[in-house]
Every structure is written in C-alpha cells, then in structure tokens.
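The values are calculated or read from the model by the stated rules, or taken from the named source; none is laboratory data. Keep in mind that what you see is a predicted model, and the values were worked out from it rather than measured. A quick note on method: Cβ atoms are made from the backbone with ideal geometry, for glycine too, and the neighbour counts reach across all protein chains shown. The protein model used for the area step is the full one, side chains on, heavy atoms only, and it has no ligands, DNA or RNA in it. Shrake-Rupley method; radii C 1.70, N 1.55, O 1.52, S 1.80 Å.
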Amino acid sequence: MRREVYWHLPGFCVHFYLNQVIINLMEEFPEKFRDGYRVGSVYGTFPGAIWNGGRAVFGITDKHQMKTIIKTYNDLNVPVRFTWTNSLLEEKHLNDTYCNLIMDVADNGMNQVLVNKEVLEKYLRDKYPNFKFISSTTKRITTLEGLQKELDKDFFMCVLDYDLNHDEKTLKALEPQASRVEILVDEVCNAHCPRRTAHYEDEALKQLSFEKGKPFPCNNRDSRPTFSECMTKEAFIGNDEIDSYIDRGFVNYKIVGRGLPFDMVKESYLYYLVKDEDREFIKDRLERTLAKLASIRK
C-alpha cells in the first residue's frame, strides 16, 4: 500500500470555498484522486493580521467568521496553518490584539503556525504551546548546513527553499529526515532570484503599515501568472517526478496560491491531486459545486 502523501493548500480564507469543495470531493471520490494523497493543511491568514508575511493581505475578519472558517476545516480533519512570517516584526508587535485573538480562537491543539522571526516564535511557543511550529521558506535557507541546523531544532516541519528542489546533494542528505521537509512544488518566481528577500520585506512593511504602496518591481508582474507558465520554471516539480521524491521519503508538498489568480490555483489542484483520466470529471464537479455555492451567497 502506498504511503500517505500530504498536500498543503493555499489561502484558507481567500480560497475558502475552493479548498472546502476539493477536500469534500477527495472524500466523496477517493478513487479519482491520486493514491494516498491527503490534504495536510490549509495555510494563509485572516486579512489584516500584522504578523502575516510572504504576501500582504488587507481587510478584517470578525471573531464569528474566524470560528466558522477554522471549524469548517478542522471538522474535515484539516489543520489551519497561519503564515506568521512577517520578516520585520519586533517585540512591540507581539501584543497585537487581533493576531492574539486569532491564536486564541484557533488554540484547540490541531492547528499550526509558520514562523520566520525568532522574537515571535519564542512568544508563540510560550503562550500557545498547543500549536505545531513550522520553519518558513521565507527564511531563505539555501545551504545544506543551514537546513540541517534548522531540522535539529524543535520544528514539526521545515519548508525547503524552492532553489533546492532539484539539488541532488541536499535532497540525498535530507533523506533521513525527509518526512519533516515540505517541498514547494510550483513556485512562480524565477530561480535564484536576488530580490526575493527584499520582496518579502516589502510585503512585510505593507502589512505592518496597512499601506499597499507601489507594486514591488518584479519581472513576474509583467504578465498575469498562469499554471502553464509556472510549469516552465526551473524549480517546478511535475507529476512525472513526484513519485521519485515520495520513494525517498518526502511526503509533504506545498502548492502556491495566496494572492494568485483563482483559476491558476484551481488548475494546480486538478493537476497535482487528481488522476489524469479523471480530471475532467472532477473539474466538472468542482465547477458546478462552486457555481451553486456562488448562487446561494448572492
């Protein structure tokens, strides 16, 4: 029997209905999805949380909505994972009322946090020990030595920097701890981008200042990203390669999608999760269900 493989899906809030429907379809039609595949978590943030990093998300969610969204996923046996990866956080930000409210609402022993800054990680570990802690790819750890040091720490998992997706020396060395390594399979950014850390900091500042500001200068902004374009990127890991990673013990995979077009995220789910011969069937079910939900919400 094939080992279980866990997929971590983006935008638990912004893609709430898409995620909910695909999880339910996996439960209803398991034979049409790839063997052993499970949803390991849904990651993201509630809008307006200053601890959020990676992609700034503006707005606000009330407490009742928070409870409803978290409960919906948890009732489906899926953890909610918060992207507390703002790279500019300082001690003065730790007592933020809104972010602590989110943690209080989600503090049931099932949910998770991605962390970047040690000051926030220490605070969260002390105050919210029931959460699982995950080392974020936003740290940009690109050396084997750095990764091994990170894995030696008390993290539930560490997310691999996308530039190492095909680094054979690194992957081989990580095999003994492969089950604790999460791989970002479809990053839209260019390989070895020299401005990636600066981009994270730009998004972090926007989140902290509640100011969208000017778009970060990036070649990827020249056109609307598509999944087909993403498949041409150097870091991309396709279905023809996944089994070789799984055989080596890597069983956690992350799909990008926060802040990306809805259709692109939907296409990535269909590509990675569904068997080739059943893709049209699941696509039809998915789209019909989403259309029905949209009509109900009007």
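Observations
- With θ taken as phi - 60° and the Karplus curve 6.51 cos²θ - 1.76 cosθ + 1.60 applied, the whole-hertz 3J(HN,Hα) list for segment 124-130 is 5, 5, 6, 8, 10, x, 7 Hz, x standing for glycine and proline.
- Fraction of antiparallel bridges per DSSP, the chain only, in percent to nearest 5: 5 percent
- Helix-only mean residue ellipticity at 222 nm for the chain, each DSSP H run of n ≥ 4 adding -39500 (n - 2.57), per residue, nearest 500: -12000 deg cm²/dmol
- Amide H partners (placed H, <5 Å) of Val5, local residues excluded: Tyr37, Arg38
- Listed peptides 243-255, 59-71 by packing density, highest first (mean Cβ within 10 Å): 243-255, 59-71
- Highest GNM mean-square fluctuation among Asn19, Asn116, Asn95, for the chain modelled with Cα contacts below 10 Å: Asn95.
- Distance in nm between pseudo-label sites at Asp104 and Leu293 (7 Å out along the Cβ direction from Cα): 2.9 nm
- Length-normalised contact order for the chain - Cα pairs under 8 Å, 6+ apart - percent: 22 percent
- Unsatisfied cross-links (Cα-Cα over 26 Å) in the set Lys122/Lys266; Lys63/Lys254; Lys32/Lys292; Lys172/Lys254; Lys63/Lys127: Lys122/Lys266; Lys63/Lys254
- Fully extended contour minus Cα-Cα distance, from Thr142 to Glu277, at 0.36 nm per residue: 44.9 nm
- Sequentially through segment 168-179, phi angles give Karplus couplings (6.51, -1.76, 1.60; θ = phi - 60°) of 4, 4, 5, 4, 4, 5, 7, 3, x, 10, 4, 5 Hz, Gly and Pro residues having no value and appearing as x.
- A probe of 1.4 angstrom, applied to the heavy atoms of all protein chains, finds Leu94 with accessible area near 20 square angstrom.
- Net lengthening on full extension, His166/Lys233 (0.36 nm per residue, minus Cα-Cα): 22.9 nm
- 5 angstrom amide H check on Tyr43, placed H, neighbours 5+ away: Leu9, Gly11, Phe12, Arg81
- In this structure segment 118-195 gives 47 Å² per residue of accessible area when probed at 1.4 Å with all protein chains present.
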